[in-house]
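Remarks on the structure that follows.
The values are calculated or read from the model by the stated rules, or taken from the named source; none is laboratory data. No experiment lies behind these values; they were computed from the predicted model shown. Here the Cβ positions follow ideal geometry from the backbone for every residue, glycine too, while neighbour counts run over all protein chains shown. Side chains are part of the model used for accessible areas, which takes the heavy atoms of the whole protein and leaves out ligands, DNA and RNA. Shrake-Rupley method; radii C 1.70, N 1.55, O 1.52, S 1.80 Å.
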Amino acid sequence: MAEAWYEEKERKKQPSYQKEIAPQFEYNRFIRDFFNDPKNKGKSRDDAIAAWKHLKLQPGSNQYRS
């Protein structure tokens, strides 16, 4: 058990590690996915929030789509 804990601790130090965001936190998932999309490189937080607000007005899923 301790060995698995140490392995996980080391995995979290990797630059590519991303903690999973629970499904009920749609806004946080959207913002992270927005900034992970290469098409949004250089965009601001305000741009991400505007995209979120636009998506919230649309019917259907609130998941980020490129």
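Data for the structure
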quantity	calculated
Within the range 7-36, considering residues that are of a type in the set (S, T, N, Q) and within 13 Å of Gln63 (Cα to Cα), the one least open to solvent (accessible area, probe 1.4 Å)	Asn28
Residue under evaluation Tyr27, criteria (1) assigned to a helix (DSSP H, G or I); (2) more than 13 Å from the chain's Cα centre (by Cα); (3) among the hydroxyl-bearing types (Ser, Thr, Tyr), criterion not met	(2)
Residue tally, condition closer than 20 Å to Gln18 by Cα and either among the charged types (D, E, K, R) or open to solvent by 70 Å² or more (accessible area, probe 1.4 Å) (or both), over the range 51-66	3
Evaluation of Ala48 against (1) part of a helix (DSSP H, G or I); (2) loosely packed, with under 11 Cβ neighbours inside 10 Å (one fails), failing number	(2)
Test for Ala2: is it loosely packed, with under 10 Cβ neighbours inside 10 Å, under 11 Å from the mean Cα position of the chain (by Cα) and small (Gly, Ala, Ser)	no
Residue pairs meeting the criteria (Cβ under 8 Å; at least 6 apart or on separate chains; first in contact (Cβ under 8 Å) with a residue 12 or more places away in the chain, in the range 12-41; second of a type in the set (S, T, N, Q) and open to solvent by less than 80 Å² (accessible area, probe 1.4 Å))	Glu26/Asn62; Phe30/Asn62; Phe34/Asn40
